[in-house]
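The values are calculated or read from the model by the stated rules, or taken from the named source; none is laboratory data. Values in this document were obtained by computation on a predicted structure and should not be read as measured data. Positions of Cβ are generated from backbone atoms using ideal geometry, with glycine treated the same way; all protein chains shown enter the neighbour counts. These area figures cover heavy atoms from the full protein model, side chains too; ligands, DNA and RNA do not enter into them. Shrake-Rupley method; radii C 1.70, N 1.55, O 1.52, S 1.80 Å.
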Amino acid sequence: MSEADVLGAPGIALPAGRAESGSLQRTISWTGAFWVASGVPALVLFSIGAIAATVGKPSWMVWAVSITFGFLQAFTYAEIAGLFPHKSGGASVYGAVAWVRYGKMIAPISVWCNWFAWSPVLAIGSGLAAGYLLGALFPADAAINTWQITLLDLGRIKSGLELRINATFMVGAVLLLAVFGIQHGGILRSARTTMVLGVTALIPLTLIALVPLLGGGLPSEHFSPLVPIAHDEQGLVVDGIWNMAGITLMAGGLFIAAWSTYGFETAVCYTREFKDPKRDTFKAILYSGLLCLVVFTLVPLAFQGYLGLGEVVTPPVFDAEGNVTAGAVYSGMLAPEIYSGMGVASVMSHMVGGGEIVANLLVVMLVLAVLLSIMTSMAGSSRTLYQASVDGWLPRYLSHVNEHGAPTRAMWTDLGFNLLLLLMSDYVFVLACSNVGYVIFNFLNLNSGWIHRIDRPNWERPFRAPNIVLGIGVVLGFVNLALMGLGADIYGAGTLTAGLVFASLIIPVFLYRHYVQDKGRFPDSMTQDMHLDDQLPGGGHRAGVLPYLTLAAAVVVVYVAHSIAVY
């Protein structure tokens with residue numbers, strides 16, 4: 001097979017000096033990427049409690065709608081990944097090539113937003129896994145679960161937010177280092193490990209999804225009336241209505257669910273490591289999507305059927321003027337430990353019955369499921385950093401790989417960033433903030449599909465999405481922005497602002513790399529992707545003003561949605 005055949009586009013050859021040695025290695029098929037991406041279904045554990053406690057009875061519907069959105073969007077990612085089979089890093093990298101001709105700053109924002117959306121999976125996942133283990137081994141009021149050293153109060157950002165060291169941080173850090181050790185051996189070893197973990201992890205999720213459903217454990221009162229939750233004057237939960245406040249809650253649920261349900265797009269992160277990228281890329285994302293479609297639909301349905309909204313455990317507390325000073329505490333889906341995620345494993349372990357031994361065994365298996373999602377995230381997010389460095393978006397030191405083809409410096413960067421996030425006391429806020437970046441990434445990359453079609457009409461596409469599906473992806477890009485504008489601040493008044501500020505941090509980083517390190521020129525490999533020896537029709541600007549109009553419309557959608565939200 002010639003170099004041009006490997007790359008999959010007529011006339012493209014590997015740039016001089018870009019050899020297989022010292023770079024990522026072609027060692028896996030689509031099944032390897034499938035098993036690496038099989039950690040995505042476990043992401044349901046991360047926010048199932050927050051969505052249930054936020055939305056109420058329609059929460060199962062949130063998950064079903066969201067994974068449908070994600071599945072439709074995946075076909076655009078499969079197409080653009082096929083254009084660049086020599087590149088790693090996932091859809092953000094492939095989409096960046098479309099946007100870079102229309103503004104140097106747009107492309108790195110896409111890559112950066114994708115990374116900081118995926119990377120916190122490490123911190124959130126290791127924190128949850130640590131919480132699962134500590135909750136299973138020790139009572140909730142045991143000293144090991146209650147001691148804490150507060151390092152910094154972040155209450156100005158969100159009430160109750162702080163940096164702290166406790167047992168959850170210590171155990172979580174150990175779990176992160178263990179995953180790092182496995183990833184250090186390269187993608188082939190990671191894929192083999194995740195295959196074993198994947199089988200182990202999918203067993204409890206399958207049982208949790210099927211046993212309550214087959215056993216008739218879906219009481220109708222847990223699902224109807226299908227209206228969002230609301231609160232009366234005393235702060236007690238009541239059935240709401242589909243007014244603007246209810247729609248805002250639904251948007252908040254769909255916003256946070258997207259962080260999990262859209263995640264299987266990570267299957268295209270490994271194009272550079274596929275033995276046969278033409279065939280493997282589409283199969284990897286298709287079968288990963290089908291797996292997620294089943295899990296993200298059935299598990300929330302069974303979870304809600306088992307728990308229900310819950311009952312009042314502790315009534316609200318009022319001051320002398322009759323104001324609520326402490327809200328009511330509930331059981332069921334509204335319980336605090338369900339919202340934080342720490343109690344989800346315990347509940348799920350009892351859903352299938354079988355006593356404490358079976359319950360503890362399922363907790364261990366759910367910990368493995370979370371560890372699998374951490375491996376998925378570290379593999380994908382580190383390769384995004386690596387390819388962004390190779391392409392000239394991020395500092396050069398991230399381009400290094402070890403003798404196994406693992407991007408170790410990018411992995412160390414991921415690890416350090418997530419050890420800091422692991423110190424935070426509110427994982428739901430971290431998740432929501434990072435999802436602001438994920439929505440921005442999805443919007444830019446769903447629109448990159450039609451930009452590539454216009455600017456690169458004659459490039460070979462191993463998979464070509466139907467026009468209507470490509471168009472649906474564009475519409476969903478704007479829908480995602482509207483959901484973000486409406487619902488992000490449900491998880492903290494500063495969530496949307498914090499996410500946008502973090503998205504902007506790429507600007508000084510890119511300016512340093514491009515104008516200080518590279519003297520205003522992209523690396524030769526990236527220049528070839530952008531210009532292809534000037535063979536692109538119309539110089540690669542055939543889309544004219546359409547990309548700029550798209551960005552302007554995006555700003556308007558977010559502003560209007562945020563303005564009409566009712567909390």
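The residues of the range 451-468 that are open to solvent by 40 Å² or more (accessible area, probe 1.4 Å), under 21 Å from A553 (Cβ atoms) and at pLDDT below 95 amount to a single one, I454.
Pull up the range 340-353, narrow it to residues that are in a helix (DSSP H, G or I) and of a type in the set (V, I, T), then point me to the one that is least open to solvent (accessible area, probe 1.4 Å).
Step one: of the range 340-353, the residues in a helix (DSSP H, G or I) are 340, 344-351.
Checking the rest, the ones that are also of a type in the set (V, I, T) come to 344, 347.
Details: V344: 0, V347: 28 Å².
It comes out as V344.
Would you confirm, using the coordinates I've provided, whether G103 is at pLDDT 85 or above, open to solvent by 10 Å² or more (accessible area, probe 1.4 Å) and not hydrophobic (A, V, I, L, M, F, W, C)? Spell out the reasoning first.
Numbers: at pLDDT 85 or above: yes; open to solvent by 10 Å² or more (accessible area, probe 1.4 Å): yes; not hydrophobic (A, V, I, L, M, F, W, C): yes.
It is true that G103 is at pLDDT 85 or above, open to solvent by 10 Å² or more (accessible area, probe 1.4 Å) and not hydrophobic (A, V, I, L, M, F, W, C).
With respect to (1) modelled with pLDDT of 90 or more; (2) crowded, with 16+ Cβ neighbours inside 10 Å, the lone exception for G471 is condition (2). State whether one or more residues within the range 428-450 are part of a helix (DSSP H, G or I), of a type in the set (A, V, I, L, M, F, W, C) and open to solvent by 50 Å² or more (accessible area, probe 1.4 Å). No: zero hits. The set of residues in the range 407-427 that are open to solvent by 10 Å² or more (accessible area, probe 1.4 Å) and among the aliphatic types (A, V, I, L, M) comprises L419, L420, L421, L423, M424.
Scanning the range 127-162 for residues that are among the hydroxyl-bearing types (S, T, Y), part of a helix (DSSP H, G or I) and open to solvent by 80 Å² or more (accessible area, probe 1.4 Å) yields a single hit, T146.
How many residues, within the range 316-334, are outside any loop (DSSP other than H, G, I, E, B) and crowded, with 17+ Cβ neighbours inside 10 Å?
Taking the range 316-334 as the starting set, the residues that turn out to be outside any loop (DSSP other than H, G, I, E, B) are 317-318, 324-326, 329-330, 332-334.
With crowded, with 17+ Cβ neighbours inside 10 Å added as a condition, the list becomes 330, 332-334.
Final tally of qualifying residues: 4.
Out of curiosity, is I80 open to solvent by 10 Å² or more (accessible area, probe 1.4 Å) and in a helix (DSSP H, G or I)?
On the way: open to solvent by 10 Å² or more (accessible area, probe 1.4 Å): no; in a helix (DSSP H, G or I): yes.
Judged against the criteria, I80 is not a match.
Residue-level analysis places E337 among those that are at pLDDT 85 or above, open to solvent by 50 Å² or more (accessible area, probe 1.4 Å), in a helix (DSSP H, G or I) and among the charged types (D, E, K, R). For the range 354-377, does any single residue satisfy the condition of being open to solvent by 10 Å² or more (accessible area, probe 1.4 Å) and under 18 Å from the mean Cα position of the chain (by Cα)? Yes; the residues of the range 354-377 include at least one that is open to solvent by 10 Å² or more (accessible area, probe 1.4 Å) and under 18 Å from the mean Cα position of the chain (by Cα).
Within the range 277-315, track down each residue that is open to solvent by less than 20 Å² (accessible area, probe 1.4 Å) and touching a strand residue (DSSP E or B) at 6+ places or on another chain (Cβ under 9 Å). Residues satisfying the conditions are D280, T281, A284.
Those residues that are over 22 Å from T527 (Cα atoms) and open to solvent by less than 10 Å² (accessible area, probe 1.4 Å), I need them from the range 392-406; list them, please. Selection gives G405, A406.
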